[in-house]
Amino acid sequence: MQFLLRGLLAWDLTERESGLGVVYLSFGLGLLVFTPIGGVLADRWAKRTLLVLGQGTIALVAAAMGLAAVSNNAQFWMLMVASLAQGAMFGLIGPARVTTAAELVGHEHLGNAISLTSMSMSLTRIFGPAAAGVLAGVAAFGIGGAYLVAAVFSVVSTLLTMRLPKLEPQAATREHPVTEILDGVRYVRSEKQLKWLIVTTTIAIMIGFNYVAFLPALVEGELGLSESHVGFLTTASAIGAVLITAFVASRADGPGSIRLMVFCGLAFGVGVVLFGLAQNYLLALAIIGVLGLATNGFMVLTSSRSMAISDPSHHGRVQSLMQLAWAGFGIAAAPLGAVAEIIGLRQTIVGMGLVTFVVVALYATTVLDDVVSNRKSAELNL
């Protein structure tokens, strides 16, 4: 909900693609700095404490931004600061959120747990963005009122998180945080499959997923529609995400999960290309629903696989590197926004989809070759 409101307010204040990009850049910089710290803290702090701290701060920032907008005092620099702060908090709690699901259910149900966690988040996205778009489009309520509603939701989420088990770290350490971050990077570099999985996920999200940053520009700027229509697009994507998550939940731990992950990644790239080519709202609505299927399937399966092929003592730091993909998303938004103003928004989105498709295709050749080689080695040893 706040993700959409951030874009709507940025477009309302600037009406430029570069304005959208700069706001998401601020969000990405917060993620970039605090995600590695969050990975270290997830391996050494009680995860519930970390989640409550982060989510509570997100609620406070949303309330402050809402009050500024309601009083007609919102300025672009305020939105940038709020985006930076919320990006920092999302970075802080991101690794803990993923590893909490894993620790609650055990390694044998890892993929299922991550899938169901993603489904719960997608369910909130079904109603949240539509409500945000509708509320923002109502003159009596506006974007500021929608921000205050989002703050209330964040408070409720924080209170519910306080009911989770404390989940103390499995192997607390007293090493310097920087040493632990570097140790996590060295560990990933030494694991070939894990390294290329993280690189592929980072590029795909950094480039391909940025289509969501430009939804206000496409819907309000190109198609001449309202904030409500932006919200309905995001809701259509969330419905697709819920449907694919229900399917993936029973297959994330199975032998075909790698091929399913690659298929979703390739479909993700194709979907972004088609979305950029959509010439009317109804077609865009249909495409983004399918795009939600592919995107969420890819994200769930890459996250599940990164946990499955990494050592539990490094889960927090591995997830911090996976979460850095979202920092890349924010950082890439600014230059992509500038490119969109030069060559056109639709051309930029199509290019983003092509890059995503090529990167996933290259990863597929690497990972599937490894799978075949490992299978042949196992057969020879029998």
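The values are calculated or read from the model by the stated rules, or taken from the named source; none is laboratory data. All values derive from a computational prediction rather than experimental measurement. Cβ coordinates were reconstructed from backbone atoms using ideal geometry, including for glycine residues, and neighbour counts include every protein chain displayed.
Things worth noting here:
- Near pairs, Cβ below 8 angstrom, 6+ apart or cross-chain, from the range 250-263 (over 22 Å from Leu362 (Cα atoms)) to any residue that is exposed (fewer than 11 other Cβ atoms within 10 Å of the Cβ) and at pLDDT below 65: Asp253/Glu108
- Residues in the range 4-40 that are of a type in the set (Asp, Glu) and assigned to a helix (DSSP H, G or I): Asp12, Glu17.
- Out of Ala82, Ala132, one residue alone is crowded, with 22+ Cβ neighbours inside 10 Å, modelled with pLDDT under 60 and assigned to a helix (DSSP H, G or I). It is Ala132.
- Ser310 vs. criteria closer than 24 Å to Leu32 by Cβ and in contact with a Pro (Cβ under 7 Å, 6 or more places away or on another chain): no
- If you go through the range 306-346 and pick out every residue that is within 25 Å of Tyr187 (Cα to Cα) and either touching a Ser or Thr at 6+ places or on another chain (Cβ under 7 Å) or not in a helix (DSSP H, G or I) (or both), you end up with 14.
- Neighbours by Cβ (under 8 Å, 6+ apart or cross-chain): first from the range 294-320, in contact (Cβ under 8 Å) with a residue 24 or more places away in the chain and polar (S, T, N, Q); second surrounded by 23 or more Cβ atoms within 10 Å (Cβ to Cβ) and not in a helix (DSSP H, G or I): Ser304/Ala252
- Condition met for Ser228 (part of a helix (DSSP H, G or I), surrounded by fewer than 24 Cβ atoms within 10 Å (Cβ to Cβ) and polar (S, T, N, Q)): yes
- Restricting attention to the range 35-49 and to residues that are buried (at least 24 other Cβ atoms within 10 Å of the Cβ) and in contact with a Leu (Cβ under 6 Å, 6 or more places away or on another chain), the residue that is nearest to Ala333 (Cα to Cα) turns out to be Thr35.
- Hits in the range 191-210 (condition: surrounded by 24 or more Cβ atoms within 10 Å (Cβ to Cβ), within 20 Å of Gly292 (Cβ to Cβ) and not polar (S, T, N, Q)): Ala204, Ile205, Met206, Gly208
- Answer residue from the range 231-247, given it is β-branched (Val, Ile, Thr) and modelled with pLDDT of 75 or more and is surrounded by the most Cβ atoms within 10 Å (Cβ to Cβ) among those: Ile244
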